[in-house]
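Since the structure comes first, as structure tokens, the remarks are kept for the end.
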Amino acid sequence: MWCMKCNKDLSECTCKDINERLKSVSNKGHFIYKMCLKCGKHYAQCECKDPVWGTSRDEIIKITEIAYPVWKVNAEWETETQLLPSGLKHDSTSFNISQREGEFDENGWWDKYKKPESKIIKLEKVLLGNFTWWMKWFCHVSLNYFDNEASAFASFEHFLEETYGDILKDKHDMVSSTKYMFLNKKTNQEDCIMGAEDTWRWKYCGCSICKEEQITIIKH
């Protein structure tokens, strides 16, 4: 497609009003073109790293999200056992958790999780900050509900780039990243994000439980 204003192909056009002019023509009903539903630009003008293709008749994806508090919980405990000479078995766990309202109750979690013969040694909760996504075992969860893959992926990509920087540059290659730890710009700590850096691993869940609880899960 050619821009008659600057006399260049659209891929080289730098006219600031090019997309507005295209929309005005398309709105008249006699013209349709391929566009990215994330940025709303003609495909030749789109610079999105992971575009979502559609037509000028489709609605642009609007991402409205809320960042919720995410806590990291660390716990260590001992359990009485006759299987070990010491009579005690040492266990530990560490996980991230988020909720829409109130403060996460780590003591309430332990009361439900513990066994009668278990004794807590260490139980701490650290607020990591407010995030739109948080990580579980080989997946990320959002308390913002997206009912389609395109919106979920667009939101997740934005979260990763905002949190870890440009880590998705090789996302179109069906090859695993050789880097496993990434600096979290918000917590200033290095995170293992369990394959989230490889977009070919992403799988939108969209199950009935997600819909019922109004959450979004991307497995990776």
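Just so you know, all these numbers are worked out from the coordinates, no wet-lab data involved. Just so it is clear, the structure is predicted and the values come from calculations on it, not from any experiment. For neighbour counting, all protein chains shown are included, and Cβ atoms are generated from backbone atoms with ideal geometry for every residue, glycine included.
Straight-line reach from residue 219: which lysines fall under 22 Å, measuring Cα to Cα and dropping same-chain residues less than 8 apart?
List returned: 38, 49, 72, 136, 169, 171, 179, 203, 211.
Just grab the label-to-label distance for residue 44 and residue 94, each label 7 Å out from Cα along the Cβ direction, in nm (one decimal).
Inter-label distance under the simple model: 5.2 nm.
In nm, to one decimal, how far is the residue 166 label point from the residue 65 one, both placed 7 Å along Cα→Cβ?
2.0 nm
Report the residue, chosen from 108, 54, 206, that carries the largest GNM mean-square fluctuation when the chain is represented by alpha-carbon nodes joined by springs under 10 Å.
Judging by the Gaussian network model, the answer is 108.
Select from the chain the helices, each a whole stretch of DSSP H, whose alpha-carbon atoms run 18 Å or more along the helix axis and whose Kyte-Doolittle mean is at least -1.0; answer none if there are none.
Result, helices passing both filters: 149-164.
Can you compute the charge dipole magnitude of the chain about its Cα centre, using +1 on each Lys and Arg Cβ and -1 on each Asp and Glu Cβ, nothing else charged? Give it in debye, rounded to the nearest 20.
740 debye
Which label marks the calculated value of semi-axes √(5λ) of the Cα gyration tensor in Å, given the options (1) 47, 18, 14; (2) 57, 16, 12; (3) 28, 26, 20?
Among (1) 47, 18, 14; (2) 57, 16, 12; (3) 28, 26, 20, the one calculated here is (1).
Compute the length gained on full extension between residue 80 and residue 200: take 0.36 nm times their separation in residues and subtract their Cα-Cα distance, giving the result in nm to one decimal.
In short, 38.7 nm is gained.
What list of ³J(HN,Hα) values in whole Hz, one per residue of the stretch 200-211 in order, does the Karplus curve 6.51 cos²θ - 1.76 cosθ + 1.60 (θ = phi - 60°) give from phi, with Gly and Pro shown as x?
5, 7, 4, 9, 6, 6, x, 7, 5, 5, 4, 5
Where the only charges are on Cβ atoms (+1 Lys, Arg; -1 Asp, Glu), what is the dipole of the stretch 68-129 about its Cα centre, to the nearest 20 debye?
In total the dipole reaches around 120 debye.
Quote the FRET efficiency, to the nearest 0.05, computed for residue 209 versus residue 34 with a Förster distance R0 of 25 Å and r equal to the Cβ-Cβ distance.
0.10
Given the options 24, 195, 206, identify the residue whose Cα lies farthest towards the positive end of the charge dipole of the chain (+1 on Cβ of Lys, Arg; -1 on Cβ of Asp, Glu).
Positive-end residue among those listed: 24.
Please name which of 120, 134, 11 has its Cα lying farthest along the dipole of the stretch 2-137 towards the positive end, using unit charges on Cβ (Lys, Arg +1; Asp, Glu -1) and the Cα centre as origin.
11
On a straight-distance basis, which aspartates and glutamates could pair with residue 114 in a cross-link, Cα separation under 20 angstrom, same-chain partners fewer than 8 positions away excluded?
Qualifying aspartates and glutamates at Cα under 20 Å: 76, 78, 80, 91, 105, 106, 124.
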